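Engineer: Dumping the structure here so I can ask a few things about it.
The values are calculated or read from the model by the stated rules, or taken from the named source; none is laboratory data. Note that the coordinates shown come from a computational prediction; the quantities given were computed from them, not determined experimentally. Glycine also receives a Cβ, built like all others from the backbone with ideal geometry; neighbour counts cover every protein chain displayed.
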Amino acid sequence: MKHEQQHCIELDGSQGEGGGQILRTALTLSMITGQPFRIEGIRAGRSKQGLLRQHLTAVQAAVAISGAQVEGASLGSQNLHFTPGPVRGGEYRFAIGTAGSCTLVLQTVLPALWFADAPSSVTVSGGTHNRAAPPADFLIYSWQPLLARMGAKQTLALQKHGFYPAGGGEVVAQVEPIAQLQPLDLLARGAHRSTRAEARVAAVPVGVAKRELERVAAQLGAIDTQVRELPAREGPGNILLITVAHEGVTEVFSGFGEKGISAEAVADAAATEARHYLESGAAVGEHLADQLLLPLALAGRGSFTAMLASSHFSTNIGVIEKFLPVEFSTTALPEGGIKVELS
């Protein structure tokens, strides 16, 4: 998938949602296409600007797997110049050192490793469940099965939970290289199979989990519920996960327990998101829509329906279209939501 021309792509980190998404997508596509890039104003749209620990770890991980040359890879840096080498499979271990998101680091390097020269094992330690990123369960139960349908050969395993602010979690990925991703058309989600809720607590009273599940059941009706007590050393932390399975897709909605926020408020937020999805006709929710853009672009064709487009979504499309000769079209559906096509 290497391009012949090695011109340097210029990116403005303040565009769109102005967060780390621009950097992560650029790193991934730079490694896959061989095109270098320069980004200025990294996370200029955020209160704490520049590279945070998790962004720096993503850069360092990209350097490790592609032998890249990089300038500006330091905490707080707002400018970065990245020139990739060939992506190499192997055994990798990356430690964020904070509750910075393991999942965002994995989503940066895994697509590049799909096209590596050999199998890979990637272990990332840090945060696995925090508000600012998809939880590990989302990647495992929602993202990964759709990638498998597209031909990606990877397995993700959550070894240990890491909650904000302590971190200390671990996720391991195994990847086998492939030649090409297959297109995915996901316009309907198919028949409903199950809706279940699980509340996990670590060094947090189990009563908090029970209250969350009672509230979710009151909001969503008769659903399967489960309390899971994690080892105290993995805490303190609390996450509520609502998994909605249909024939064609599984969605995961989450709520995070925090000091000063009641169990009922955590449950209400997650249940409302799940209910809106169930009431909509769309195949995927807001976050999964973001995550499908890159695989579709790499496959060269595909389509899906989504509840709505986030600022992440349009920002991501802008970066993808700079690296790959593709063009996304988005149309509003009469019943609400959007249809996204790449042809």
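Engineer: Would you confirm whether any residue within region 126-145 is more than 27 Å from Ile261 (Cα to Cα), part of a loop (DSSP other than H, G, I, E, B) and not β-branched (Val, Ile, Thr)?
Structural biologist: No, every residue in region 126-145 fails to be more than 27 Å from Ile261 (Cα to Cα), part of a loop (DSSP other than H, G, I, E, B) and not β-branched (Val, Ile, Thr).
Engineer: What are the residues in region 248-265 that are buried (at least 19 other Cβ atoms within 10 Å of the Cβ) and over 21 Å from the mean Cα position of the chain (by Cα), if any?
Structural biologist: Ala263, the sole residue that qualifies.
Engineer: For region 134-163, name all the residues that are surrounded by fewer than 19 Cβ atoms within 10 Å (Cβ to Cβ) and hydroxyl-bearing (Ser, Thr, Tyr).
Structural biologist: Tyr141, Thr155
Engineer: Take the conditions at pLDDT below 95 and buried (at least 23 other Cβ atoms within 10 Å of the Cβ) and apply them to Leu292. Does it pass? Walk me through it before giving the result.
Structural biologist: Values: at pLDDT below 95: no; buried (at least 23 other Cβ atoms within 10 Å of the Cβ): yes.
For Leu292, the condition - at pLDDT below 95 and buried (at least 23 other Cβ atoms within 10 Å of the Cβ) - is not met.
Engineer: Looking at region 188-225 only, could you name the residues that are loosely packed, with under 15 Cβ neighbours inside 10 Å and touching a Lys or Arg at 6+ places or on another chain (Cβ under 8 Å)?
Structural biologist: Asp224
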